[in-house]
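What follows is a set of notes on a single structure, which appears directly below.
FYI, it's all coordinate maths here, none of it is from the lab. The model shown is predicted, which means the values in this text are computed figures rather than measured ones. Every residue, glycine among them, receives a Cβ derived from its backbone with ideal geometry; neighbour counts consider all protein chains shown.
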Amino acid sequence: MNLTPVPQMVGFLQDVLITAHSIERGFLVLSQVYIGKGCSVGMMSVIMPQTSLDNGVALAALSMVPMGVTLAPNTTWEGSPVRSKEGPLVSTQSKPNASKTRGRRGATLQDADTVPGEPLGPMTVAAVQLSGLFMCIAASWVAVLPAAVVAVLLWQVSTYST
């Protein structure tokens, strides 16, 4: 099962994270990410589950597409969470081929009491920034873990050999 089909003519720059899963109430939930033809995704951008980048979408570097958001075709987006360079904040139209999910997985930004075209509130922005911080901490911990295991093993070998 391919959760992230990528058509031809899509450009990804370095360190792009496309995640098609989330943990909800202790369960692993798989969701599809749709990427249309002719899209370009900037360096170190994050695309969350249940999102849709329609044909010709350009995503700037260091951008984050929140869960359940559809980006309109032939538009340019930037920021975390993404904002259109041309106009409204985000499009929350549903994609016809999006996967069916349980619970609030299909929630959009409108479900969070926001109005399209209006800036997000400070609490919503802080929550998104905090989730990004937790992702960075988790990634750092996972990167350091193998080195820590090797150091402990070498220490044990050196203590037993003396």
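Quick look at the values:
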item: Cut-off under 5 Å, modelled amide H: who pairs with MET64 long-range; result: VAL46, GLY79, SER80, VAL82
item: Cβ-derived FRET efficiency at R0 41 Å, SER158 paired with VAL10, nearest 0.05; result: 0.25
item: Where only C-alpha atoms are counted, convex hull volume of the stretch 121-162 per residue in Å³; result: 41
item: Sequence ranges 65-71, 42-48, 144-150, ranked by mean other-Cβ count within 10 angstrom, highest first; result: 65-71, 42-48, 144-150
item: Environment charge at THR75 (Cβ cut-off 10 Å; Lys +1, Arg +1, Asp -1, Glu -1); result: -1
